[in-house]
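Student: Input: one structure, supplied below.
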Amino acid sequence: MTRPGLLVIPALAILAAACGGGGGGSGPTDAPRTPEETAERFLSLWKDGEYDNMYSLISTEAQATIERQKFIERYEAITDEARITGLDYELAPEETAIAATAPPTPGEPEIPFSVTFHTSFFDDIEQENAIPLVREEVPVPVASGEEPKTREEWRVRWSPSLFFAELDDRNLVHFFTRIPRRGGIYDRNGRELAVDAAIPVVGIVPDQITDKEATIAALVQALGMPDAEVRARVEADVPSYYFVPVKSLPYGTPPEELIKFNDMFDLGVVVRDETRRVYPNGDSMAHVLGYITEVTEEQLEELAPKGYQSGDRVGAFGIEGQFERDLAGERGAVLATITPEGSISKTIAERATLPGKDITLTINLDVQKTAEASLGDRVGSIVAMDPQDNSVLALASYPRFNPNDFITGLTQEQVNSLYNDPRQPFLHRPLLAEYPPGSTFKVVTGAAGLEKGGFNTGSTFHCVPVWNKLGDEFAQKNWQTIDRGYLTVAGGLMASCNPVFFDIAATLDPIDPNILPQFARDFGYGAATGINGLDEAPGLIPDPAWKEANIGDYWYTGDAVNMAIGQGYVKATPLQIANAYSAISATGILRKPLLVKKMALPGGAASQEFTAEEVHPLPVSPGNLDFIRQGLTAVIQSTAGTSYQAWVGTSVDAAGKSGT
């Protein structure tokens, strides 16, 4: 709060003071400005950011030491550096102010005041200070032709310490960011997936170079870098005592490989450790982990008040991006005055860092690598889940990228290769690629038929090579060219017989065309699964309203028949399929897949444990669900099953469904 002046002065004089500028003082009035009024005016202008008018109130001696524009720029720069968003001030208590406005003494008056700086980063910064004043003769505006006139007026004997008491003519104000340890990402067994680690960086110190050409030649040979690239770093325009990085070596570089660089010390070559983000398993699990990259200008608008600046890194996508705030922790800082040499002189304000949280995933690194090896270089994905707790064991996708490349820096060739690859290496196929689910969808159709179509576990359907119940012009072929006879729903799953499910769809659609679409949604199709930690596509479950709105056509029984075998307009992600089968195989309850198992501060403090959240029970009675499970077991364990040959010789008690 500001304190009003002690003297009652005419409103006209106050207005004149407010409009005054340059060196002309407060305007044409015979009443001299009191020390307190001058201090009040100076602080009021400061609060309003009117640095130009503040300059008009400082003494002639002070103006001789700093130009007007430099004065303005210094106040703006310190305000920005200290993250000051505003300030409030209060003059000294009344008795102190009265004493200060007494007739001047040889020591000249000082007006004590307190100031509270509001900042976007620190708590409020509170300081006690005093404004010294000096009485000066200043020119008074006169009419043209009149003799020049002057009057005595109080001016501020300004020095940098009037901004921060710790500041003087020699020192500057600097904001030192303190970046906390970024939280690590680990698999379910505690193995490192993404961590901050010491990386050896080969560089040069210009002061130590005695033969520039010899240094460049040695580095070109040892690092395998182009001459021009090394030369640019060696000849960088930096202070001679700086360490100039030339190239970062891979995480885990054996000590014996560093010997050759240590032997180049006489050439000015130095190896230093630098803490960086590291992905020890290379491209494994790249889409799950994501990567970190330089903060964008748009992101800086939000992050700058939190201590971020251009060149800092943030999580881009994957776990690194989704849990950026948890992993990054909270930055701390020291606001201090520094000497021209860069050393801290006095601390003005300080905020401690808060370390990032460690994240433990449900991923099993062994299963993940096995899945990736099985996938090989085929474009596609593999999802592995544990139905007991609905946790994700592996999310394999190919092609991939190496997140380490975004730390060390991508070459233009690498950038072109990644972003122009038609196989889309950044597409996380298990969660973001949408495909017709094919015959894996038949469990939904079978369940809908058993629950809503009037069929039961004893109902049979003729598995013919060609199904033509919608007319010969709409005849549909089975994938087999033989007549398989009559099959139950379970038998239809075992043989993956299309006509069984065509019959069910053709029965359900006239009853209500929304039955099959709704059953699909109840199995988790057509919406994101809700996996914690990653973005995902919703897939698509069409129905009459959707087709009319998006295709502009009516819904036909043929649409339901196509959907019955996972074709037509229906789309699903691999994760949606795996999540539906997890519900079928274990609890009969649809749950959100669990990927992030735990978050905790270093040492396990403030640990958060996560479990798979239940969505709803599957719309199938226990008896019918068991019947469907029998069919899925026969797919693999019956000699007539479509996947029997793939599992011959295994001891695993498996069940499942093939699909194309």
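The values are calculated or read from the model by the stated rules, or taken from the named source; none is laboratory data. In this text, all values refer to a predicted model and were calculated from it rather than measured experimentally. All Cβ positions, glycine included, derive from the backbone under ideal geometry; neighbour counts span all protein chains shown. To get the accessible areas, we keep the full protein, side chains included, count just its heavy atoms, and leave off ligands, DNA and RNA. Shrake-Rupley method; radii C 1.70, N 1.55, O 1.52, S 1.80 Å.
Student: Pick from the range 387-423 the residues that are open to solvent by 10 Å² or more (accessible area, probe 1.4 Å), in contact (Cβ under 8 Å) with a residue 12 or more places away in the chain and more than 22 Å from MET225 (Cα to Cα): which of them is nearest to the chain's Cα centre (by Cα)?
Tutor: ARG400
Student: Okay, moving on. When you scan the range 448-470, do you find a residue that is over 30 Å from GLY623 (Cβ atoms), open to solvent by less than 70 Å² (accessible area, probe 1.4 Å) and either part of a helix (DSSP H, G or I) or touching a helix residue (DSSP H, G or I) at 6+ places or on another chain (Cβ under 9 Å) (or both), even just one?
Tutor: yes
Student: From the set of residues in the range 257-295 that are under 21 Å from ASN404 (Cβ atoms) and of a type in the set (Val, Ile, Thr), which is most open to solvent (accessible area, probe 1.4 Å)?
Tutor: THR275
Student: State whether the residues of the range 119-135 include one that is without any contact (Cβ under 8 Å) to a residue 12 or more places away in the chain, over 30 Å from ALA352 (Cα atoms) and outside any strand (DSSP E or B).
Tutor: Narrowing the range 119-135 to residues without any contact (Cβ under 8 Å) to a residue 12 or more places away in the chain: 124.
Adding the requirement that they be over 30 Å from ALA352 (Cα atoms) leaves none.
Checked against the condition, which is being without any contact (Cβ under 8 Å) to a residue 12 or more places away in the chain, over 30 Å from ALA352 (Cα atoms) and outside any strand (DSSP E or B), the range 119-135 yields no hits at all.
Student: Would you be able to tell me the number of residues in the range 540-592 that are under 30 Å from ASP389 (Cα atoms), open to solvent by 30 Å² or more (accessible area, probe 1.4 Å), part of a loop (DSSP other than H, G, I, E, B) and among the β-branched types (Val, Ile, Thr)?
Tutor: Counting residues in the range 540-592 that are under 30 Å from ASP389 (Cα atoms), open to solvent by 30 Å² or more (accessible area, probe 1.4 Å), part of a loop (DSSP other than H, G, I, E, B) and among the β-branched types (Val, Ile, Thr) gives 1.
Student: Here's another thing I want to ask about it. State all residues of the range 467-481 that are under 52 Å from the mean Cα position of the chain (by Cα) and under 15 Å from GLY568 (Cβ atoms); if no residue qualifies, say none.
Tutor: Passing the criteria: PHE474, GLN476.
Student: Go over the candidates ALA194, ALA222 one by one and state the one that is open to solvent by less than 60 Å² (accessible area, probe 1.4 Å) and under 26 Å from the mean Cα position of the chain (by Cα).
Tutor: Working: ALA222 fails: under 26 Å from the mean Cα position of the chain (by Cα).
Only one candidate qualifies: ALA194.
Student: Six or more apart or on different chains, Cβ under 7 Å: which pairs go from a residue in the range 259-272 that's at negative phi to one that's part of a helix (DSSP H, G or I) and exposed (fewer than 13 other Cβ atoms within 10 Å of the Cβ)? Could you list them?
Tutor: Pairs that qualify, where the first residue is at negative phi and the partner is part of a helix (DSSP H, G or I) and exposed (fewer than 13 other Cβ atoms within 10 Å of the Cβ), are VAL271/ASN262.
Student: Let me ask you something else. Scan the range 343-355 and tell me whether some residue there is open to solvent by less than 40 Å² (accessible area, probe 1.4 Å) and assigned to a loop (DSSP other than H, G, I, E, B). Break it down into steps so the answer makes sense when it comes.
Tutor: Filtering the range 343-355 for residues open to solvent by less than 40 Å² (accessible area, probe 1.4 Å) gives 348-349.
Of the ones still in play, those that are also assigned to a loop (DSSP other than H, G, I, E, B) are none.
Scanning the range 343-355 turns up no residue that is open to solvent by less than 40 Å² (accessible area, probe 1.4 Å) and assigned to a loop (DSSP other than H, G, I, E, B).
Student: So for the range 222-233 (the condition being within 30 Å of TYR89 (Cα to Cα), assigned to a helix (DSSP H, G or I) and among the small types (Gly, Ala, Ser)), does at least one residue qualify?
Tutor: There is no residue in the range 222-233 that is within 30 Å of TYR89 (Cα to Cα), assigned to a helix (DSSP H, G or I) and among the small types (Gly, Ala, Ser).
Student: Pairs only if they're at least six apart or on different chains, beta carbon under 7 angstrom, first in the range 190-213 and of a type in the set (Phe, Trp, Tyr), second open to solvent by less than 10 Å² (accessible area, probe 1.4 Å); list them, first residue then second.
Tutor: Close Cβ pairs satisfying both conditions: none exist.
Student: Here is a follow-up. Hey, can you tell me all the residues within the range 109-164 that are among the charged types (D, E, K, R) and more than 30 Å from ARG351 (Cα to Cα)? If you could, list the steps in order and put the result at the bottom.
Tutor: Just the residues of the range 109-164 that are among the charged types (D, E, K, R), to begin with: 110, 123-124, 126, 128, 135-137, 146-147, 149, 151-153, 155, 157.
Once the filter is applied, which keeps residues that are among the charged types (D, E, K, R) and more than 30 Å from ARG351 (Cα to Cα), the range 109-164 yields GLU110, ARG135, GLU136, GLU137, GLU146, GLU147, LYS149, ARG151, GLU152, GLU153, ARG155, ARG157.
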